[in-house]
Each structure stands twice: as C-alpha cells, then as structure tokens.
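Visitor: Submitted below is the structure of interest, expressed as structure tokens.
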Amino acid sequence: MDTIKKLKLTALIGVPVLLVLVYIFREPILFIGSCMPPCGFYEMTGYHCPGCGNTRAVRALLHLHPILSLRNNPVILLLALTGLGFYIELAFNVFGKKVSFMPKKWIFWVVLLVLLMIFYVVRNFFPILAPIPQ
C-alpha cells in the first residue's frame with residue numbers, strides 16, 4: 001500500500017475517533033472556552049465582530065443543538081458541514097470511487113465568504129440576527 005493511501009486511510013479512521021473523543025471530553029473543552037475573556041471589540045464598540053458567538057456556537061454544537069449553533073454564529077456549523085462533505089469524499093476515494101459533490105471552484109468559496117461578511121455587518125443592525133446573549 002502506498003503512502004498516500006495509508007494517509008487517507010489513517011484520516012478516514014482518525015477523524016471519527018477524534019470526534020468521539022471531543023464529544024466524550026466536551027465538558028473540559030467547554031470549560032476552557034468559558035475561561036475566555038469577553039469580546040474586546042464588542043466591549044469597546046457595542047458591535048458584534050465576526051467571531052462573536054463562536055464559543056456559544058461550538059458549545060451548542062457539542063450539545064447537539066445545530067439550530068442554536070447556527071443562531072449564535074453560522075460559520076461553526078458551516079465549517080462542520082464542509083468538513084463532513086470533504087470527509088465523505090475522502091471515504092469514497094479510499095474505497096476506489098471518485099465522488100465529488102463539494103464545490104471545487106474558487107468563485108463559490110469567494111461568494112460564500114462575501115455573503116458571510118455581509119451577514120456579519122447586517123447582524124449588527126437587526127437584533128434577531130445577533131448572537132444570543134450569554
């Protein structure tokens with residue numbers, strides 16, 4: 001078996017093991033997150049930065065509440081789903097099938113990034129879009 005195939009197989013097995021470990025030890029991980037200071041940008045300006053709500057979004061996702069995670073900051077759930085999509089492609093690749101359903105064109109990712117940046121600005125003017133207060 002060549003080196004690339006071994007690496008892919010290791011990732012295929014390692015990622016679920018890592019995710020199970022993160023889920024099992026989620027409380028200590030969440031405790032570390034709760035020790036983080038409040039957002040300095042928000043404290044100084046009263047506006048939410050792109051990172052506002054990330055810790056709460058991760059906490060919600062680790063407690064299996066994807067809607068609450070999306071409400072706090074959509075980027076965490078978006079990253080999780082993107083990772084899942086690429087992981088599924090890897091799994092098919094390891095077993096010899098070339099499957100591609102994740103967008104590969106850079107324009108898709110640029111448009112997605114621009115839409116996220118617009119969302120991060122707009123959520124400061126519409127309280128319904130803002131992260132849920134702690």
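The values are calculated or read from the model by the stated rules, or taken from the named source; none is laboratory data. Keep in mind that what you see is a predicted model, and the values were worked out from it rather than measured. Every residue, glycine among them, receives a Cβ derived from its backbone with ideal geometry; neighbour counts consider all protein chains shown.
Visitor: If Y47 satisfies every condition in (1) surrounded by 13 or more Cβ atoms within 10 Å (Cβ to Cβ); (2) assigned to a helix (DSSP H, G or I); (3) touching a Phe, Trp or Tyr at 6+ places or on another chain (Cβ under 9 Å) but one, which is the exception?
Guide: (2)
Visitor: Out of L68, L61, L79, I need the residue that is in contact (Cβ under 8 Å) with a residue 24 or more places away in the chain and either surrounded by 12 or more Cβ atoms within 10 Å (Cβ to Cβ) or outside any helix (DSSP H, G or I) (or both). Which one?
Guide: Answer to the selection: L68.
Visitor: Let me ask something else about it. What is the residue count in region 98-124 for residues that are out of contact with any helix residue (DSSP H, G or I) (no Cβ under 9 Å at 6 or more places or on another chain) and free of Cβ contacts under 8 Å to residues at least 40 places away in the same chain?
Guide: Of the residues in region 98-124, 13 are out of contact with any helix residue (DSSP H, G or I) (no Cβ under 9 Å at 6 or more places or on another chain) and free of Cβ contacts under 8 Å to residues at least 40 places away in the same chain.
Visitor: Test of understanding: among L12, L18, which residue is at pLDDT 90 or above and loosely packed, with under 12 Cβ neighbours inside 10 Å? So that I can check it myself, show each step before the final result.
Guide: Numbers: L12 fails: loosely packed, with under 12 Cβ neighbours inside 10 Å.
Just a single option satisfies the conditions, and that option is L18.
Visitor: Hey, another quick one. Of all residues in region 30-44, which are assigned to a loop (DSSP other than H, G, I, E, B) and either exposed (fewer than 14 other Cβ atoms within 10 Å of the Cβ) or in contact (Cβ under 8 Å) with a residue 24 or more places away in the chain (or both)?
Guide: Matches in region 30-44: C35, M36, P37, P38.
Visitor: Any idea how many residues of region 80-127 are farther than 28 Å from I67 by Cβ and of a type in the set (S, T, N, Q)?
Guide: Looking only at that region, the number is 2.
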